[in-house]
Amino acid sequence: MNYSETFKESINKLKFEGRYRHFKEIERRVGLHPKASLRVNSINSDIIVWCSNDYLGMSQNNLIINSMVNAVKNMGTSSGGTRNISGNSSAIVDLEKELAVLHGKEKAIVFSSGYVANESSISTLLRILNDVVVFSDEKNHASIINGIKKSNVTKEIFRHNDLNHLENLIKNYPIEKHKVIIFESVYSMDGDFGDIENIVNIAKKYNALTYLDEVHAVGMYGNTGAGIAEMMNLQNSIDIIQGTLGKAYGTMGGYISSSQEICDAIRSYASGFIFTTALPPALAKTATESIKYLKKSNYERILQKQKTITLKKYLSKENINYLDHNSHIVPVMVNNPIRCSEISNILINDFGHYIQPINYPTVPKGTERLRITPGPLHTDKMISDLTIALKHAFNKTDNIVYKKYA
Ligand SMILES: Cc1ncc(COP(=O)(O)O)c(C=O)c1O
């Protein structure tokens, strides 16, 4: 049997469809964000990064950097074990307390990433509930989908943000049956918001638990940066809030916050929590500092909003098609995988602007896009230059007939 041919075929299929992933090798330097250095064949060139999830540039905030450096000097680089076997540092316990307070919950538990937090918590929660139906928004993230798959329970997928569809599905089940509704507050690829208020109402009416992914909202929205649920004063109505420390907070790790019993049950049964090395205490300490900082400082959030408004103004002036849902994410629509990659290449090779093309399966085929996340440190001149470069790249690829992929 020729194993190697099988792998090659699978890769060739991706290449043929224009969705083979090329990772850009970049070096970020303190003080230069959002500028960075692109390395190709050992040659470095300057670029501006427009697609970072370090939404507020917190990974380069001096306070946070110093906190990390000092914490590493004081506590070393590793937790030295799983939470159960010698890795339960005071720093991670303090981080969990901070997260619980942030979301107005009794408890929080920390995982190695937002992905692991979702997959592990959801599969464990559903397995514990056992005879349960899960209702999941069709645009939920892969980590949610895989958590649901792993649990093997009955699932119902409702059309994105379609409350009528959700209600039509949920009302078929007896009121006493266990139910969980899982959705997101900011959908990362379209930049639109989940309808938290109405989903909460349906959950109350049909006696369902709610699980809200706030990964793209924590640090970004709400008075203390707790997310959209805080902004809408709905934190108390959500049973489980999930988030990440790896995006607006500029560090790494994921978590859920919820009641004492739910957190304790997941802590006790979730493989992805139990059988893995705990977050290094220095990282936990730094994440706590970042949360505390963004609880008080609105400066970065306000500046970020201004830059988003400026970008949209420039794009509109040049008739560049983008989705506008009033969030911090601005997807410029290309709607073809090959053209999307070509425009991205023109931007970086000819102008030094880096925006990663987003293709299937991250987004549906035919909706390929350049997902722009303007940050507080992008200048108006950078935004103007990017718009000119985008216009040029769209014009240059305008007369090419691109193959459509089903
Ligand atoms: C909606 C959503 N949930 C969870 C995650 C995973 O979070 P992390 O990057 O911390 O693993 C992502 C990743 O981008 C995401 O978009």
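The values are calculated or read from the model by the stated rules, or taken from the named source; none is laboratory data. What you see is a predicted model, and the numbers here were worked out from it, not measured in a lab. Please note: Cβ atoms are built from the backbone with ideal geometry, for glycine as well, and neighbour counts cover all protein chains shown.
Couple of notes before you dig in:
- Entirely in region 6-119, the strands (runs of 3 or more DSSP E) that have 2 or more residues that are within 24 Å of residue 242 (Cβ to Cβ): 107-111
- Residues within region 96-108 that are hydrophobic (A, V, I, L, M, F, W, C) and touching a strand residue (DSSP E or B) at 6+ places or on another chain (Cβ under 6 Å), tallied: 3
- The residues of region 72-104 that are under 27 Å from the mean Cα position of the chain (by Cα) and of a type in the set (A, V, I, L, M, F, W, C), listed by number, are 72, 91, 92, 93, 95, 99, 100, 101, 102.
- Residues of region 183-197 satisfying the condition of being among the aromatic types (Phe, Trp, Tyr), within 20 Å of residue 372 (Cβ to Cβ) and out of contact with any Lys or Arg (no Cβ under 7 Å at 6 or more places or on another chain): 193
- Against the criterion of being surrounded by 24 or more Cβ atoms within 10 Å (Cβ to Cβ) and either more than 30 Å from residue 391 (Cα to Cα) or free of Cβ contacts under 8 Å to residues at least 12 places away in the same chain (or both), residue 337 does not qualify.
- Which numbered condition residue 104 misses (of (1) within 16 Å of the ligand (Cβ to nearest atom); (2) over 14 Å from residue 267 (Cβ atoms)): (1)
- Hits in region 124-179 - residues which are small (Gly, Ala, Ser) and either at pLDDT below 95 or more than 16 Å from the ligand (Cβ to nearest atom) (or both): 151
- Boolean, residue 338 is assigned to a helix (DSSP H, G or I), at pLDDT 95 or above and not aromatic (Phe, Trp, Tyr): no
- Scanning region 193-241 for residues that are more than 19 Å from residue 126 (Cβ to Cβ) and among the small types (Gly, Ala, Ser) yields 194, 217, 219, 222, 225, 226, 227, 229, 237.
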